[in-house]
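The block underneath contains the structure these notes are about, expressed in structure tokens.
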Amino acid sequence: MLYKNLGSTNLKISVIGQGATHVGSYAWYDDDKAKERIRGWRIGIEMGMNFIDTADLYGGGLSEELVGQAIKGIREKVVVATKFNPQGNDTSSAILAAAEGSLRRLDTDHIDLYQIHFPNPLIPIEPVVAALTQLVSDGKVRYVGVSNFSIDDLREMQNFFPPGIVSNQVEYNLIDRSPENETLPYCQQKSISVLAYSPLGQGKLSLDSYALQCLKVLAEKYQKSFFQLALRWLVSKSQVIAITKAANMQHIKENAESTDFVIDPDDLAIIDKFAMPEVVYIPIDRISINSPDGRPTYASIEEALKNAADLIPSPELLAQDLVKRKSAKPIQLISYNDPQGRYLYKLDPYDFLGQLRKYWAWVIAYGREKPIPALAKE
């Protein structure tokens with residue numbers, strides 16, 4: 001396993017981290033599934049993946065509790081990262097209480113990396129900074145990071161938080177290379193770690209046929225899987241750490257072994273050149289937002305603003321962030337052969353609610369006339 005410093009600190013973390021999403025919830029608890037995830041994390045730690053990332057939103061806190069069980073007795077071997085929800089914790093006292101809850105569920109006396117889960121333009125930065133400063137001062141948090149922050153948001157936090165921000169967690173993979181525009185160069189310049197979530201595009205790295213063929217040839221050259229090549233390409237970039245999620249022991253082993261080879265610089269250049277999906281701009285009225293499983297969805301701006309499904313961050317909050325940062329993360333679509341001929345695309349069903357949130361945030365921010373940036377798959 002390879003290791004990099006967390007930001008500008010001396011703390012070494014594995015370049016392949018272990019994510020802790022999709023663990024279920026307290027209401028839908030599966031004991032066998034929980035035990036399997038705990039066992040998987042333990043095996044990953046034994047294989048050198050010492051970095052685990054969770055959040056208080058994952059499973060309503062269940063994820064943190066399971067991670068706590070996984071690291072019991074080996075806490076000193078593990079770098080634990082978690083996040084707090086700034087939509088529900090918008091005062092210093094609320095953030096301090098959220099941290100205490102995470103500490104309790106993780107069954108630890110400190111959190112190595114405490115992250116703001118996403119930017120919240122509706123709350124002032126001062127109470128957030130005050131709470132984080134106190135947590136560091138009290139020894140309950142070692143380092144502070146952010147997640148899904150734009151460059152402007154990150155600069156603001158850097159200016160207000162004297163100890164410094166050590167990481168920014170963003171989606172980054174062969175399909176979504178938008179961090180390379182601003183986030184990655186800035187973080188590399190400032191020695192801030194880029195924690196890449198969904199590094200394998202949720203297991204669906206859909207590229208054009210020529211790019212796929214190039215990557216398959218390279219994978220065969222190095223006698224690695226397509227996904228191992230994708231991970232090795234990602235972590236070959238300065239400051240980048242990949243946060244993976246593995247559902248079985250074979251995938252955990254493959255993830256851990258994705259750093260035991262080196263990609264030649266010429267081959268890295270080939271991947272950089274050909275694995276570059278084009279962002280297209282799609283008219284809003286050509287996108288179907290029908291749920292893939294037939295469940296009710298937001299059919300109007302009014303319903304999106306009401307946010308009865310309690311999407312976090314809410315479409316309204318995400319819309320305000322869009323306007324503030326003047327840029328948008330591309331929505332993920334797949335081609336759709338609509339029998340009625342009205343729609344050309346539909347929301348990617350793998351992350352339907354996440355894409356639905358982006359859709360309505362765009363409409364709330366800019367109306368229906370402005371095409372939305374998208375990554376469209378066949």
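The values are calculated or read from the model by the stated rules, or taken from the named source; none is laboratory data. Computed from a predicted model, the values in this text were never measured in an experiment. Because the Cβ atoms are built from the backbone with ideal geometry, glycine has one as well, and the counts that use them run over all protein chains shown.
Only one of the listed residues (Pro162, Pro121, Pro185, Pro179) is of a type outside the set (D, E, K, R), surrounded by fewer than 20 Cβ atoms within 10 Å (Cβ to Cβ) and closer than 23 Å to Ala319 by Cβ. That residue is Pro121.
Any chance you could count how many residues in region 24-56 are farther than 20 Å from Ile111 by Cα and either hydroxyl-bearing (Ser, Thr, Tyr) or within 21 Å of the chain's Cα centre (by Cα) (or both)? Final tally of qualifying residues: 6. The residues on offer are Ala304, Ala275, and the sole one that is among the small types (Gly, Ala, Ser) and modelled with pLDDT under 90 is Ala275.
Considering only residues in region 335-378 that are of a type in the set (Asp, Glu) and in contact with a strand residue (DSSP E or B) (Cβ under 6 Å, 6 or more places away or on another chain), the one that is farthest from Arg325 (Cα to Cα) turns out to be Glu378. Among the residues of region 87-132, those that are in a loop (DSSP other than H, G, I, E, B) and within 21 Å of the chain's Cα centre (by Cα) comprise Gln87, Gly88, Asn89, His117, Phe118, Pro119, Asn120, Pro121. Of the residues that sit in region 78-110 and are in contact with a Phe, Trp or Tyr (Cβ under 9 Å, 6 or more places away or on another chain) and of a type in the set (Val, Ile, Thr), which one is surrounded by the most Cβ atoms within 10 Å (Cβ to Cβ)? That would be Thr82. Which condition number does Pro292 fail, the rest of (1) of a type outside the set (Lys, Arg); (2) closer than 19 Å to Gly201 by Cβ; (3) modelled with pLDDT under 95; (4) outside the structural domain of Gly367 (by TED's automatic domain parsing) being met? The number of the failed condition is (4). Might you check whether a residue that is over 17 Å from the mean Cα position of the chain (by Cα), modelled with pLDDT of 90 or more and surrounded by fewer than 18 Cβ atoms within 10 Å (Cβ to Cβ) occurs anywhere in region 201-212? No - not one qualifying residue is present in region 201-212. Residues considered: Val141, Val146, Val136. Of these, the only one that is in contact (Cβ under 8 Å) with a residue 24 or more places away in the chain and within 19 Å of the chain's Cα centre (by Cα) is Val146. Taking Leu122 as the residue in question, decide whether it is in the same structural domain as Val15 (by TED's automatic domain parsing) and free of Cβ contacts under 8 Å to residues at least 40 places away in the same chain. It is false that Leu122 is in the same structural domain as Val15 (by TED's automatic domain parsing) and free of Cβ contacts under 8 Å to residues at least 40 places away in the same chain.
Restricting the first member to region 253-269 and to residues that are assigned by TED's automatic domain parsing to the domain that holds Glu46, and the second to residues that are of a type in the set (Lys, Arg), the beta-carbon pairs closer than 6 Å and six or more apart or on different chains are Ser258/Arg232; Ile263/Arg232. Pairs linking a residue in region 341-356 that is farther than 22 Å from Ala319 by Cα to a residue that is part of a helix (DSSP H, G or I) and of a type outside the set (S, T, N, Q), with Cβ atoms under 6 Å and 6 or more positions apart or on different chains, are Tyr343/Arg286; Leu344/Arg286. Pairs are defined by a Cβ separation below 7 Å, a sequence spacing of at least 6 or placement on different chains, a first member in region 72-93 that is in the same structural domain as Leu106 (by TED's automatic domain parsing), and a second member that is of a type in the set (Lys, Arg); no pair meets this definition.
Residues are listed down the side, and each one gets a yes or a no for (1) modelled with pLDDT under 95; (2) within 21 Å of Lys35 (Cβ to Cβ); (3) of a type in the set (Ser, Thr, Tyr):
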| position | (1), (2), (3) |
| --- | --- |
| Ile45 | no, yes, no |
| Gly48 | no, no, no |
| Leu62 | no, yes, no |
| Ala70 | no, yes, no |
| Asn85 | yes, no, no |
| Val128 | no, no, no |
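You will find that of Glu278, Glu303, Glu220, the residue that is over 28 Å from Met49 (Cβ atoms), of a type in the set (D, E, K, R) and loosely packed, with under 14 Cβ neighbours inside 10 Å is Glu278 and no other.
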